[in-house]
Amino acid sequence: MINILLSVRRPFSGKILSGEKKWELRKNAPRLNKGDSVTLWLYESGKDGKRAIIGKCRLVVTASLYLYPPKGILELAIKNACVTEEHLRNYLPCCVWKVTAPVKLPAAVPLSVFGLTRPPLSWQYISPEQAVILEKAASLTSKMCVECQLWSGWDGCCMSLASGHLWEEMPSDHPACDDFKPEEIEQEEEDDA
């Protein structure tokens, strides 16, 4: 399993997670062997972005898009990459990354959770240990601590950055858990439905 952290700006990050954007355009592509399974972790970058990991998807295939693509390929790229013809022509030559199976994380995950201080300019490989942390985040409930805006997979327990016990279960009477109100947050989710 290969895991890649991919920096994506708004509105493209949302279009990937909604399934509307099926092709991501990059100047280069990872070296893959036939049969490699690749998970792309989406870091929402830019001044309007969350500046955190907001979701994941699968990388199915990569292909080169040359400076003068045939008309049919150009139109297909414009549609599937959700870009204008001018944007695409200015970006050529490039690589197309076909993405599928998008999953939005229950809460945004800051890079500091798995030891990074800066996002990649475009993309970077991440270690299996870092991917385990992100998979854990993806599988947790959507309960969120009001204080730290991170997720909590344990009832009455916050995994606050302020607590210093990010991956340890803490007692619900810990000072960092004072602002954790799962009933209030769950109620807000029901109201949104």
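The values are calculated or read from the model by the stated rules, or taken from the named source; none is laboratory data. In this text the structure is predicted, and so the values were computed from the model without any measurement. Every residue, glycine as well, gets a Cβ built from its backbone with ideal geometry; the counts of neighbours run over all protein chains shown. Surface areas here come from the heavy atoms of the whole protein model, side chains and all, with no ligands, DNA or RNA. Shrake-Rupley method; radii C 1.70, N 1.55, O 1.52, S 1.80 Å.
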How about the stretch 4-89: which chymotrypsin sites (Phe, Trp or Tyr not before Pro) there are in a DSSP loop, with at most 11 other Cβ atoms within 10 Å of their Cβ? Tyr66
Once phi is turned into θ = phi - 60°, what whole-Hz ³J(HN,Hα) does the Karplus curve with 6.51, -1.76 and 1.60 give for every residue of the stretch 56-71, x standing for Gly and Pro? 8, 7, 9, 8, 8, 7, 10, 8, 8, 10, 8, 4, 10, x, x, 3
Cut-off under 5 Å, modelled amide H: who pairs with Lys21 long-range: Ile16
Restraint check, Lys47/Lys71; Lys50/Lys71; Lys34/Lys104, Cα-Cα greater than 31 Å: Lys47/Lys71; Lys50/Lys71
What's the carbon and sulfur percent of the stretch 1-60's accessible surface, probe 1.4 angstrom, rounded to a whole number? 45 percent
Could you do me a favour and compute the accessible area per residue for the stretch 1-84, 1.4 Å probe, result in Å²? 54 Å²
